[in-house]
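Each reported figure results from applying straightforward, stated rules to the coordinates on display, with no laboratory input. Please read these numbers as outputs of a predicted model, since none were measured by experiment. Here the Cβ positions follow ideal geometry from the backbone for every residue, glycine too, while neighbour counts run over all protein chains shown.
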Amino acid sequence: MSVPVFTAKALTKIYVSGEVMVHALNEVDLDIPEKEVVVLLGPSGSGKTTLLNIMGGLDRPTSGRLFFRDLDLTDLEDRELTKYRRDHVGFVFQFYNLVPSLTAYENVALVTEVAKNPMRPADALALVGLEARMHHFPAQLSGGEQQRVAIARAIAKRPAVLLCDEPTGALDSKTGIRVIEALLGVNRQLGTTTVIITHNASIQEVADRVLFFADGRISRIRTNEARREAAELTW
Amino acid sequence: MKVLDIKLLRDVRRLWAQVLAVALVVGGGVATLVLAVGSHRSLEETRIAYYERYGFADVFAQAKRAPKALTDRIGEIPGVAAIDTRIAKPALLDIPGFSAPASAQFVSLADTGEQHLNRLYMRSGRFPAPGRTEEVVVNEPFARAHGFVEGARFSAILNGRKRELVIVGIALSPEFVYTVGPGDLMPDDRRYAIVWMSEKVLSAAYDLDGAFSAVAVKLQPGASERDVVRRLDALLDPYGGQAAHGRKDQTSHAWLDHELDMLNNMSRTLPPIFLLVAAFLVNLTLTRLVALEREQIGLLKALGYSDGSIVLHYFKFVAFIVVVGIVLGGIVGTWLGLHVTALFGDFFHFPFLVFAKAPDVYLTAGALSAAAAAIGAFRALREVVKLPPAVAMQAPAPPVYRRLLSARIQLDRIVSQPTLMMIRNIARHPVRAFFTALGMALATAILVVSLFTRDSMEHLTDVTYFLADRQDATIGFAEKRIANVVEQVSRLPGVLAAEPFREVPVRIRHGNVERRIVISGRPAAAHLRRIIDVELRPVILPETGLAISGMLAHILGVGPGDSVEVDLLEGARRSVTVPVVATVEDYFGIRGMMEIEALHKLMREAPVVTSVNLSLDENRTEDFYTAVKSIPTVGGVALQRVSWRTSARPSRCSSPRWRVSTRALPA
């Protein structure tokens, strides 16, 4: 078995709101190996996004440890976390989060300008099948196209991990399937470890493993013997 | 170009109206600073250059008749570098086609052609030829006002004798940059002239052969003006000398100083208002932009952009605005500065203009604008740094509102829901609401400041011409006259009322502070030339004691009940102690006022007058003009009503305020 990309030990996150303490993550232990496609499933408030944010260096745990390979993310300063995000993590968000005043090409270039060993923005867009639309502004693209631009932007830096928060949440099934296809294509071609949060149970079929979340804990883990292709999905 | 810079340019294009608005306000601050400081410096340097090139004197003195032999003794005073003695006399003019009597200051020109001090800048023509009794040089403003060129003729009553004069030259002098006739409050170039003529001719006209009546002195560098003035006074005393004085008390110089001071004040009042508003607007614009781009800021952080690079991005946005403002303000300020300098130069009739190069003004204006913008941007940029990426990318939590009043009071029953939203928004951001109100207040302040000048001028004219100096005309005499001249003048055609007026030059002192002023004597209950207090009520002068301008009281540090030392610079030249009995609001300089009989007693002289104030019958002014021109002892006539009509806008007469004021005039 290859070295895990992420190793979480008793990872805990507590939010304090007034006098109420919310255990968003409750002593989670987890290993995610290289190149794996992991789907996180669970109801709202079960801790999926909190885990993703901590893995992506956007948030810090209250206690416990999280390692990215040999790097302990829990002890990093803000500046080191920024560098970690810049060098290793690609994000895909539910609402795409494209900069509306930049074209598809420029949105991708936003990442390639600061990354260490990026691919060319045009190549990243070609990987998601958008080479013909690269000079369009977000407002001129459909929802699916915008999400694929977001995927191109996330993979352009050749990240070690791709963290996707509800990437199909705002899309219809046909478009959602194209986006999942794009994510799996990147995973196949670049070997990027991919973590996908979803509410959509159908998507679990494309994963190597499925982590079921409930009340800040991983309640169950399912390993798929064989991943299904995106084209085979329906919802 | 970096992608973030492309975003910046597109943001600027999208928000162009806001960007332009803030840039214009920044530009306003820069422009007023560059305009005021630039033109002040240019005019100051022009004045310095003019004074230097044309030998403007440092000390001036008048005498009745001082022998020329005294010149050498004046030259022996330590600190004196150059002397010019001359004859200077006031006279009445009679100009063809111009019925109102005009006055002039006649000044002699050395027949040797040598001018040491206060040299003329000849605009056109030549100096009077030796021996030609009718040839004169006149000052350019007077020539221009009448359309005179070389060869034009007019008459003057010199020492009681009418003479035909012909203009051979038109000139400017550093001594008469600003000319205002005796008894007048505003310059009127049609009715006041400076006339230079041959010393030989003028001395013959005034029986001053081998004598002089005025002296100008240039000091050596580092010389004590006070010392020279004291010694000069001592030398001229036996010859009817009036107090010598420095440039500070020279009319033209003092007015010029005052005008330049106003420009200087403008540079200190307007730019800070603009810059405060600019700081506020930058804060408002950037705070809104940061709030709107909250998700993008979070995204940039998630993508691995450092806080510094994101702050730099928004800082560039502010810098762009400021740079546009500075460039626009610099260009407009420079253009206006050149324009204003030329305008002032024309107004003061400077023979040339020196445009001062002032790179430091641009740097200061730029630095102040940048500082104002940085202060305005600080809070918004701090928000950028504080915003965690994970939080930024989520929709912001609903802001916390609270009830304004007790739950029992149902505010929504009193006001509509939209109004309630508005009230709660204001209550939620009290600081922002305060600064919004402050910004509007400052914007209004800019308007008020600019409109205030006009209003204050109106008030000043109103008080001066309709409450205080209500005389239609003032006849000034070349020499003081015994008081019964008032009765003679009152018999002139068209004269409705006549009041005596006497002026005595003095030095007034309290402790170490000393000023040179004129004490004017007038009847206790003067009807025409009245004294008005702060409440705009007429002041009845007491039988003894001195009333002084409020500003003079402030300068000397005295008030009613205190005593001041007064050196009388005329007649017996005694030094006396006089009680201050009142302080009076005064819009035109500083002066002292006494009841005229009390002034005679103080001077230990029989009743005399230096001028007579008149109320005229409007229908008989032409008769009055003709009559007054034939009085040989008249040195000048000031026509206050004519001055007011030419300087005030006619439309104002119809305003209710003016109607009330005119009703107060004697029927």
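General observations
- For B:R123, the amide hydrogen comes within under 5 Å of the amide hydrogens of B:I170, B:A171, B:L172, counting only partners 5 or more places away or on other chains and with H modelled in the peptide plane.
- For A:95-108, mean number of other protein chain Cβ atoms within 10 Å: 4
- For chain A, built as a Gaussian network whose Cα springs stay under 10 Å, the top-fluctuating residue of A:M119, A:M134, A:M21: A:M21
- Whichever lysines have a C-alpha closer than 20 Å to that of B:K200, once near sequence neighbours (fewer than 8 apart) are set aside: B:K64, B:K68, B:K89, B:K162
- For the range A:194-222 versus the range B:317-377, the gap between their alpha-carbon centres in whole angstrom: 66
- Cα-Cα pairs of chain A separated by more than 32 Å (percent): 17
- Within straight-line reach of A:K174, meaning a Cα separation under 19 Å, sit the following aspartates and glutamates at least 8 residues removed in sequence or on another chain: A:E145, A:D165, A:E166, A:E205, A:E229, A:E232.
- Sorted into 5 angstrom bins from 0, the C-alpha pair distances of the range B:414-540 split as 2, 7, 10, 11, 11, 10, 8, 7, 6, 5, 5, 4, 4, 4, 3, 2, 0 percent.
- Relative counts (whole %) of C-alpha pair distances in the range A:38-132, using bins that are 10 Å wide: 13, 37, 33, 16, 1
- Neighbour net charge for A:R178 - beta-carbon separation under 14 angstrom, K R +1, D E -1: -2
- Straight-distance candidates among the lysines for linking to B:K301, with alpha-carbon spacing under 28 Å and chain neighbours fewer than 8 residues away dropped: A:K9, A:K13, A:K35, A:K48, A:K83, A:K116, A:K157, B:K2, B:K7, B:K316, B:K386.
- The range B:114-130-the range B:448-473 distance, computed between alpha-carbon centres (Å): 39
- Residues considered: A:V92, A:V22, A:V39. Largest GNM mean-square fluctuation over chain A, using C-alpha springs under 10 Å, is found at A:V22.
- Helix B:251-292 and the long axis of chain B differ in direction by around 10°, with both axes built from C-alpha atoms.
- Trypsin sites (Lys or Arg not before Pro) restricted to the range B:466-565 and DSSP loop, no more than 16 other C-beta within 10 Å: B:R491
- GNM remark for chain A: springs join alpha carbons under 10 Å apart, and the peak mean-square fluctuation among A:Y105, A:Y96, A:Y15 falls on A:Y15.
- On a per residue basis, the convex hull of the C-alpha atoms belonging to the range B:461-663 measures out at 121 Å³.
- When both the range B:212-277 and the range A:1-73 are represented by their alpha-carbon centers, they are found 82 Å apart.
- Applying D = kT/(6 pi eta Rh) to the range B:59-254, where Rh is the Kirkwood radius over alpha-carbon pairs, T corresponds to 25 °C and eta to 0.890 mPa s, the Stokes-Einstein value obtained is 143 µm²/s.
- The range A:150-196 has equivalent-ellipsoid semi-axes of 18, 11, 9 Å, by the square roots of 5 times the alpha carbon gyration tensor eigenvalues, sorted largest first.
- Exercise: per-residue mean of other protein chain Cβ atoms within 10 Å, B:6-19: 2
- Residues whose amide H comes within less than 5 Å of that of B:D111, counting only those at least five positions distant or on another chain, are B:E199, B:K200 (H built at 1.01 Å from N in the peptide plane).
- Angle between chain B longest axis and helix B:225-236 axis [Cα atoms, degrees, rounded to 10]: 20
- The protein assembly as shown: radius of gyration over Cα atoms, expressed as a fraction of 2.2 N^0.38 Å: 1.49
- Helix B:307-348 axis, angle to chain B major axis (alpha carbon atoms, nearest 10°): 20
- Per-residue ³J(HN,Hα) for the range B:68-82, Karplus 6.51 cos²θ - 1.76 cosθ + 1.60, θ = phi - 60°, Hz, x for Gly and Pro: 4, 4, 5, 4, 4, 5, 5, x, 7, 4, x, x, 8, 9, 8
- The Cβ shell under 13 Å around A:K157 holds other residues with a net charge of +4, Lys and Arg each +1, Asp and Glu each -1.
- Residues with amide H under 5 Å from that of B:A211, placed H, sequence gap 5 or more: B:K68
- For the peptide B:297-310, the mean number of other protein chain Cβ atoms found within 10 angstrom of a residue's Cβ is 6.
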